[in-house]
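Each value in this text was obtained by applying a stated rule to the coordinates, not by laboratory testing. Remember, predicted model here, so these are calculated numbers, not experimental data. All Cβ positions, glycine included, derive from the backbone under ideal geometry; neighbour counts span all protein chains shown.
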Amino acid sequence: MKVYTLMLGPMSNCSYIIENQEQAILIDPSWDIPAICKFLDSKSLKPVAVFFTHAHQDHMTDADKLLKKYNLKGYLDERDEAFCSLPYDLLNTYKAPKKFEIAGLNIDVLLTPGHTRGSVCIKIDNIIFTGDTLFVNSVGRTDLPGANPDSLIQSLILLASLPGDTIIYTGHSYGRNEGFKSTVKQELSTNPYLKMAKENPKLLEDML
């Protein structure tokens with residue numbers, strides 16, 4: 001398995017391509033769909049599934065073009081369907097937590113609400129794609145429609161309980177230090193939100 005990161009669009013969204021067995025699973029493909037298709041072609045990869053970590057527009061801008069091109073439907077948690085800009089006929093909705101087996105990979109989708117009602121983190125082996133739930137040294141906003149600070153605290157508690165060597169890929173290069181890749185161990189050391197989620201979640205109520 002290989003993970004490729006394409007940082008696209010005016011908000012530096014991270015679109016991820018997971019390669020396995022000459023097939024590709026895409027996470028949050030957005031903005032520059034021609035660039036994503038060109039990359040897939042350059043690696044001779046066949047896209048077989050598309051997952052969205054949540055339904056905010058910046059994570060699925062023009063994704064309908066990609067879904068139609070490859071005759072796919074995007075996987076989205078049903079709690080975010082009402083906020084989704086994609087046509088319903090291009091969606092495969094489900095209710096997390098849920099497991100999938102695609103392209104020879106076991107995919108464990110964790111429900112991690114807070115940034116949105118249906119925010120999920122997508123875990124494959126020791127890698128987790130956190131969308132806008134967890135950033136390097138920061139967390140997602142909770143002042144948008146559908147967001148909930150208390151839910152985010154519970155989601156951070158869940159993420160803080162993962163093995164320290166779990167590799168984190170985030171939805172943007174946000175936070176005090178730029179970067180989109182980290183580990184649970186590193187974030188427990190430097191990310192005050194995740195650190196508090198593990199040591200004293202009550203303190204997070206005043207931080208979010």
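Table for the structure above
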item	result
Extreme residue, positive dipole direction of the range 2-206, given options H56, N106, N148 (C-beta unit charges)	N106
Cα centroid separation, the range 182-208 to the range 89-136 (Å)	21 Å
Cα-based Rg / Dmax (Å) for the chain	16.0, 49
Under Karplus coefficients 6.51, -1.76 and 1.60, residue-wise ³J(HN,Hα) of the range 23-28 in Hz, glycine/proline x	10, 9, 10, 9, 10, 6
Extension gain (nm, one decimal) between D41 and R141, 0.36 nm per residue minus Cα-Cα	32.5 nm
GNM result for the chain, Cα springs below 10 Å: residue of K123, K95, K73 fluctuating most strongly	K95
Most mobile listed residue (A35, A82, A96) in the chain, GNM with C-alpha springs under 10 Å	A82
Charge dipole of the range 2-206 about the Cα centre (unit charges at C-beta), most positive-ward option of G131, N13, Q23	Q23
For peptides 56-62, 199-205, 105-111, 27-33, sequence by mean Cβ density within 10 Å, most packed first	27-33, 56-62, 105-111, 199-205
Relative contact order [Cα under 8 Å, 6+ residues apart], the chain, whole percent	14 percent
Value of [θ]222 nm, deg cm²/dmol, for the chain, DSSP H segments ≥ 4, -39500 (n - 2.57) each, nearest 500	-6000 deg cm²/dmol
Estimated dipole of the range 117-208 in Debye, rounded to 20 [Cβ of Lys and Arg +1, of Asp and Glu -1, Cα centre]	100 debye
DSSP bridge orientation in the range 2-206 - percent antiparallel, rounded to nearest 5	65 percent
Residues K95 and S12, FRET efficiency given R0 of 25 Å [Cβ-Cβ distance, rounded to 0.05]	0.25
Cα-based helix-to-principal-axis angle, 33-42 vs the chain, degrees rounded to 10	70 degrees
Note, ³J(HN,Hα) from phi for the range 59-68, Karplus 6.51, -1.76, 1.60, rounded to Hz, x at Gly and Pro	9, 8, 4, 6, 5, 4, 5, 5, 4, 5
Extension gain from Q23 to I102, taking 0.36 nm per residue of separation minus the Cα-Cα distance	27.5 nm
Point-charge dipole on Cβ atoms (K/R +1, D/E -1) for the range 2-206, about Cα centre, debye to 20	300 debye
In the range 1-150, lysine pairs closer than 21 Å at Cα, eight or more apart or cross-chain	26
FRET efficiency estimate (nearest 0.05) - Cβ-Cβ, K65 to S161, R0 30 angstrom	0.20
Label-to-label distance, nm, for residues given as N148 and E205 (7 Å Cα→Cβ offset)	1.6 nm
Residue-span extension gain [V48 to V3] - 0.36 nm each, minus C-alpha spacing	14.7 nm
